[in-house]
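Presented below is the structure to which this report refers.
The values are calculated or read from the model by the stated rules, or taken from the named source; none is laboratory data. These numbers come from a predicted model, not from an experiment. All Cβ positions, glycine included, derive from the backbone under ideal geometry; neighbour counts span all protein chains shown. What goes into the accessible areas is simple: the full protein's heavy atoms, side chains included, and nothing from ligands, DNA or RNA. Shrake-Rupley method; radii C 1.70, N 1.55, O 1.52, S 1.80 Å.
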Amino acid sequence: MIRIFFVISCLLSSLVNAQENLLSILDEDEKTVYIYYLFKGTKIVNSQSVELNSKGVLQFNIQHRFGPLNSGKYNLYGLDFSQVRLSLDYGINEWSSFGIGRSSSLKIIDANSKIRLCRQVKAGFPFTIVINFAAYIKQWQSSEVEKEDFILTNQLSYTNQVLFARKINRNLTLQFSPTVVHYNLVEKLNEVNDKYSFGIGGRQKLTQRISLNAEYFYQLNDKRNSNVLSLGFDIETGGHVFQLHLSNSSDMIDPKFITDTNGEWLNGYIYFGFNISRVFTIHN
Amino acid sequence: MNRINIIILFSFLSFQIHAQKYMGVNGEILFYSEALLEDISAVNKNVSAVYDATTSELGFQLYINDFIFPKALMQEHFNENYLESDIYPKSTFIGNVLDIKDKEALVEGDLTIHGKTKKIKLFGIFINNIDSVYIEAKFNVELKDYNIKVPKIVMYKIAEKIEIKVKIELKEIK
């Protein structure tokens, strides 16, 4: 009796499953599911995120930083001062991008290249890994060239980073950014040329279009520089991304904000800034 | 008793083997939407389908993130904000061919998009050759039926009704 019951239940279950079985033959080779869209922008706040521009997409960024909050009401708490960085980033192919930029008050021109080595896979490889190389050259005036001690290579500095990011869930992404900044010329006595720091960053989506971002760079060997904490909001409105942030660094390029920050949050060295980015599809 | 069990089991297995089934994996689904600034279209060339001639069951399946858009940002918004492909990676259709006349068929079944299922009924081209089946169809879906929300202020504002074109050739499974 039990056996008959078993057979009948088998028959019934096979009938119930008939519909799903129809599609099950399509699922024989389950495809690798990559995890996309770890961050909204190519930067977390100031530092690079693991996101690259897609192939053929040109991104124009206007970055703006005001003065420190503790500069008093005479300076409208820093809003009287401002500096700008303009940059263009272009997606060369699906796994690499190239960018150039210029910072106004620093008079530094920079170029960077990001290469994605691998992507996070659902129930597979845990990280998206991107390497970032950047070079910076400080502009000079003709009067400086005439000086005897002028050497072109002294104007250069470099940043090398390996970025590891993981989308923990659909709202939260965390990133580790070990960084080396190399200066061809350092300004202070006993200052090291290679500065190591370790960055941690992340984003938490608050709504479909707004996310809270944070990043922290811890100085590993040059303790004269402050650790850098930056907080920001990304607001996406379709073609534009607006980023509003607060940081204890006023600079926008890696060697300056990571390894040349002196102010501390607790002393009121808090700088307000914003980025506006717009993408253009140049090539399909 | 054991023998009966085995016989029943075998009869089921043999039924599975002898069922005349067709399958295709390189189908194409194109969707088109009129929008304020520019029309939006995308194509998915990895659509797969099965047709069981003995039961006239017809099934389609695709991965949402296989849709290719002319602009990367549209693709991002499509996956992230509209279709939420991380939660609902697949879209499926499971139904039956009710009637075949000449080269046209009436199909009815459940279309699942964005985790929501709705019954649809449509006519399409259905050419059943000896070892293959060719299917072509055109229909509309309404975003509200599948709980796809379009924000009020957005650059790529899309229409409430989306036109979908399907094209696939299925080969007999030997």
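Quick one: order A:ARG209, A:ARG203 from most to least accessible surface, probe 1.4 Å.
Largest accessible area first, the residues go A:ARG209, A:ARG203.
Using alpha-carbon pairs under 8 Å, 6+ residues apart, how would you state the relative contact order of chain A in percent?
Details: 667 pairs, mean separation 50.9, N = 284.
18 percent.
Any idea how far the Cα center of the stretch B:91-154 sits from the one of the stretch A:128-175, in Å?
The two parts, judged by their Cα centres, are 52 Å apart.
Apply the Karplus curve 6.51 cos²θ - 1.76 cosθ + 1.60, θ = phi - 60°, to the phi angles in the stretch A:164-170 and return the couplings in whole Hz, x for Gly and Pro.
Taking θ as phi minus 60°, the curve returns 10, 10, 9, 7, 6, 9, 5 Hz for the stretch A:164-170.
Using a 1.4 Å probe and ignoring any ligands, DNA or RNA, find the accessible area of B:THR55 and quote it in Å² to the nearest 10.
My reading of the accessible area for B:THR55 is about 50 Å².
Heads up, I need the accessible area for B:ASP86: 1.4 angstrom probe, whole protein in place, Å², nearest 10.
Per-residue accessible area (B:ASP86): approximately 60 Å².
Counting Lys +1, Arg +1, Asp -1, Glu -1, what net charge surrounds A:ARG278 among other residues with beta carbon under 12 Å of its beta carbon?
Cβ neighbours under 12 Å give a net charge of -2.
Chains A and B: how much accessible area gets covered up at their contact, both sides added, probe 1.4 Å, in Å² to the nearest hundred?
3200
Please list, in chain and number order, the residues 5+ apart from B:ALA35 or on another chain whose amide H is under 5 Å from its amide H, with Hs placed from the backbone.
Close amide H contacts, sequence-distant or interchain: B:ILE40.
Ignoring ligands, DNA and RNA, please state the percent of accessible area on the protein assembly as shown from carbon and sulfur, probe 1.4 Å.
61
Report, in debye and to the nearest 20, how large the dipole of the protein assembly as shown comes out about its Cα centre when Lys and Arg carry +1 and Asp and Glu carry -1 on their Cβ.
Working: 49 positive and 49 negative charges, 145 e Å.
Taking the Cα centre of the protein assembly as shown as origin, the dipole is about 700 debye.
To the nearest 20 debye, what charge dipole does the stretch A:74-230 have about its Cα centre, counting +1 at the Cβ of each Lys and Arg and -1 at the Cβ of each Asp and Glu?
Charge dipole of the stretch A:74-230: 1120 debye, to the nearest 20.
Mean residue ellipticity at 222 nm from the helices of chain A, using -39,500 (n - 2.57) per DSSP H segment of n ≥ 4 over the full residue count, to the nearest 500 deg cm²/dmol? Don't skip to the end; give the middle numbers.
Details: 4 runs with 32 residues, N = 284.
My calculation for chain A gives -3000 deg cm²/dmol from helical runs alone.
Counting only other chains, what is the mean number of Cβ atoms within 10 angstrom of the Cβ of each residue in peptide A:234-241?
3
Residue-wise, which Karplus ³J(HN,Hα) couplings in Hz belong to the stretch A:79-93, taking 6.51 cos²θ - 1.76 cosθ + 1.60, θ = phi - 60°, and x for glycine or proline?
Per residue, the Karplus-derived 3J(HN,Hα) values read 5, 6, 9, 7, 9, 10, 10, 10, 8, 10, 10, 10, x, 6, 8 Hz.
With unit charges on the beta carbon (Lys/Arg positive, Asp/Glu negative), name the residue among B:TYR63, B:GLN75, B:GLY115 whose Cα is farthest towards the positive pole of the charge dipole of chain B.
The one lying farthest along the dipole's positive direction is B:GLY115.
Put A:TYR196, A:TYR183 in order of accessible area, largest first, 1.4 Å probe: what do you get?
Of A:TYR196, A:TYR183, the descending order of accessible area is A:TYR196, A:TYR183.
Return the average number of partner chain Cβ atoms within 10 angstrom of each residue Cβ along peptide B:67-76.
The shielding value for this peptide is 4.
Give the peptides A:231-237, A:74-80, A:44-50 in descending order of average Cβ contacts within 10 Å, highest first.
A:44-50, A:231-237, A:74-80
To the nearest whole number, what is the average tally of beta carbon atoms from other chains within 10 Å of the beta carbons of peptide B:79-87? Spell out each step's value before the answer.
Working: counts 2, 8, 3, 1, 0, 2, 3, 8, 1.
Whole-number average of other-chain Cβ neighbours for B:79-87 is 3.
Can you give the calculated 222 nm mean residue ellipticity of chain B, where each DSSP H run of n ≥ 4 adds -39,500 (n - 2.57) and the sum is split over every residue, rounded to the nearest 500 deg cm²/dmol?
-4000 deg cm²/dmol
Enumerate by residue number the trypsin sites (Lys or Arg not before Pro) in the stretch A:42-142 meeting two conditions: DSSP loop (anything except H, G, I, E, B), and at most 13 other Cβ atoms within 10 Å of the site's Cβ.
Numbers: sites: A:LYS43, A:LYS55, A:ARG65, A:LYS73, A:ARG85, A:ARG102, A:LYS107, A:LYS114, A:ARG116, A:ARG119, A:LYS122, A:LYS138; in loops: A:LYS55, A:LYS107, A:ARG119, A:LYS122.
Here the trypsin sites (Lys or Arg not before Pro) that fit, given the DSSP loop and packing criteria, are A:LYS107, A:LYS122.
Sort A:SER157, A:SER113 by accessible area with a 1.4 Å probe, largest first.
Descending order: A:SER113, A:SER157.
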